[in-house]
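A quick write-up on the structure given underneath.
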Amino acid sequence: MNSLKNLLFISSKESNPGYLILRIFFGVALFIHGYPKMFGGIEKWRALGGAMNQLGVGFFPAFWGFMAAFAEFFGGIFLILGLFTTINAFLVFFTMLVAAFFVHGGDPFKVRELALVYFFCSILYMMKGAGKYSIDYYLFGKGRMYR
């Protein structure tokens, strides 16, 4: 059970202010990007969730669309705070995986670029956690360091 907690709540002692600034920028960008999706209503969620058909998941498109909107909107808020960072980064990772490689898979790089930036930023925060300047560090990570 403790190893599951360590996996879900990775927290490094990273005290580089650049790491904090990137996390805040990443969170704000996700929040702004996710706001219209979150409050677009069920029709917007159905349209977003329809992308899961490309993965062979054709059921409950409104649920999948809501989850994508949730990952961007609330994931952005939680990343700004550095709260449940690893879990939120995973939700963003999965959302951007679908966006970059399935929804926009055949599009030129310029169209896929933002989803790819979010995708790779989410990998960083999945692997390293939020760093020392975060709520996660104070709740879960004092004295632990993951590399």
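Taking G65 as the residue in question, decide whether it is more than 19 Å from the chain's Cα centre (by Cα), assigned to a helix (DSSP H, G or I) and over 20 Å from C121 (Cβ atoms).
Working: more than 19 Å from the chain's Cα centre (by Cα): no; assigned to a helix (DSSP H, G or I): yes; over 20 Å from C121 (Cβ atoms): yes.
Against the criterion (more than 19 Å from the chain's Cα centre (by Cα), assigned to a helix (DSSP H, G or I) and over 20 Å from C121 (Cβ atoms)), G65 does not qualify.
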Checklist entry - Out of (1) modelled with pLDDT under 90; (2) buried (at least 21 other Cβ atoms within 10 Å of the Cβ); (3) not charged (D, E, K, R), what's the single condition that is false for Y125? => result (1)
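Residue-wise test of (1) buried (at least 18 other Cβ atoms within 10 Å of the Cβ); (2) without any contact (Cβ under 8 Å) to a residue 40 or more places away in the chain; (3) within 11 Å of the chain's Cα centre (by Cα).
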site	(1), (2), (3)
A69	yes, yes, yes
T86	yes, no, yes
F109	no, yes, no
Y118	yes, no, yes
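Taking the condition of being under 13 Å from Y125 (Cβ atoms) and in a helix (DSSP H, G or I), how many residues in the range 72-98 meet it? Write out each step before concluding.
We begin by selecting, within the range 72-98, every residue under 13 Å from Y125 (Cβ atoms); these are 75-76, 78-93, 96.
With in a helix (DSSP H, G or I) added as a condition, the list becomes 75-76, 78-81, 85-93, 96.
Qualifying residue count for the region: 16.
Taking the options I32, I42, name whichever one is at pLDDT below 95, surrounded by fewer than 17 Cβ atoms within 10 Å (Cβ to Cβ) and aliphatic (A, V, I, L, M).
Details: I32 fails: at pLDDT below 95.
After applying the criteria, what remains is I42.
Taking the condition assigned to a helix (DSSP H, G or I) and among the hydrophobic types (A, V, I, L, M, F, W, C), does F59 pass?
Values: assigned to a helix (DSSP H, G or I): no; among the hydrophobic types (A, V, I, L, M, F, W, C): yes.
No, not satisfied.
The values are calculated or read from the model by the stated rules, or taken from the named source; none is laboratory data. Bear in mind that the values here come from a model prediction, so they are computed numbers and not experimental data. Using ideal geometry, Cβ is built from the backbone for each residue, glycine included, and neighbour counts are taken over all protein chains shown.
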